[in-house]
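First the structure, in the form of structure tokens, and then the observations on it.
The values are calculated or read from the model by the stated rules, or taken from the named source; none is laboratory data. Quick caveat, the model's predicted, so the values are computed rather than measured. Cβ: placed from backbone, ideal geometry, glycine included. Neighbour counts: every protein chain shown.
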Amino acid sequence: MANNETASIICSSPVMPRFPSNDTNLLINDIILCIVNVPCCIFAFLGNLAVIIAIAKTPSLQRPSNILLCGMATADCLTGLVAQPLFVLQALMIHRIHESCGPESTLFIAYNLSQIGFVGWSLVNITLISFDRHYALSKPVKYRTNVTKKEAIQITFVAGLTWLLVTNLSKFVLPIKLASILGVGFIILTVINHIGSFIAIRRHNNKVMDVMAMVNTSIILRREKKAFFDMLVIIVVLVLCLVPSLVYRWFDVILSDGFEPLQVLSTNLIYINSSLNPIIYLVRNDIDTLLSA
């Protein structure tokens, strides 16, 4: 009995609760969780891949805002391909940690890195999108002149690569809570930018009402406002799916063992978001017309 408890402590995941290896009810719950996640991860991969291909093959969709959206779709695609399958696998493997330790420990580390890496990348992307929308709504004419497709691609690539490097450093060098701190920081920046965007919309609406000669600016602004509200829906859904997990991580020290199943459910909610995003893209964007054609 003592050996089993020791193995559980040594092999326990940094992101999953220490389940008893012989708990039948928890095993059944995890099997149900896996049944739900398997189709979700397939849809997350294929759905986001379809969005990326549609934008890449259609010049009319290759606007800076859609290129930044491609960065988010890439993170979701990799989540469905890597992180979510690892989540499913470790949910099943955790019930046999009394039998062996090495493979499970390696699996837990790989899962933790992939989760922080790809979920954090999504937060990086929504922060970039919020800056992009704030600039587009504050100075619509200047934005159309200065922001190019090439710059959007470079920013998306550099931001993603930088975050993945930070993810590895946070695991092996930097404090373990750094990723969560950065995640909260990204959310705060996103909220600030969206408040600024709403103020910019209100200001421009007043100007258009007073000066009807600003027809060209009004047309540009209308397009950027639509893109803003499209992205706002994506960001709100992501934050709603992410907040429960962040809250649990911050308060896991003071929570009792009875709350541990909430950690699994909150983590699962994050992965469901990767499957929801392609649906939102199709409903709120021009991509649905292209794919149906």
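On the basis of being at pLDDT below 65, surrounded by 13 or more Cβ atoms within 10 Å (Cβ to Cβ), part of a helix (DSSP H, G or I) and not acidic (D, E), does L265 make the cut? Break it down stepwise before answering.
Values: at pLDDT below 65: no; surrounded by 13 or more Cβ atoms within 10 Å (Cβ to Cβ): yes; part of a helix (DSSP H, G or I): yes; not acidic (D, E): yes.
So L265 does not fit the description; no.
Given the criterion modelled with pLDDT under 90, buried (at least 21 other Cβ atoms within 10 Å of the Cβ) and not acidic (D, E), identify the matching residue among N37, N25.
Values: N25 fails: buried (at least 21 other Cβ atoms within 10 Å of the Cβ).
N37 is the lone residue from the list that is modelled with pLDDT under 90, buried (at least 21 other Cβ atoms within 10 Å of the Cβ) and not acidic (D, E).
Only residues that are under 20 Å from T190 (Cα atoms) and of a type in the set (D, E, K, R) were counted across region 135-162, and they come to 1. With respect to the stated conditions, T167 is among the polar types (S, T, N, Q), at pLDDT below 90 and either more than 30 Å from S60 (Cβ to Cβ) or in a loop (DSSP other than H, G, I, E, B) (or both).
Out of the residues in region 192-208 meeting the condition of being within 11 Å of L221 (Cα to Cα) and modelled with pLDDT under 80, tell me which one is surrounded by the fewest Cβ atoms within 10 Å (Cβ to Cβ).
From region 192-208, those within 11 Å of L221 (Cα to Cα) are 200-201, 204-205, 208; that's our starting set.
Going one step further and asking which of them are modelled with pLDDT under 80, we end up with 204-205, 208.
Working: H204: 21, N205: 13, V208: 16.
Across region 192-208, the extreme among qualifying residues is N205.
Scanning region 209-231 for residues that are out of contact with any helix residue (DSSP H, G or I) (no Cβ under 7 Å at 6 or more places or on another chain) and either at pLDDT 70 or above or under 29 Å from L262 (Cβ atoms) (or both) yields a count of 4.
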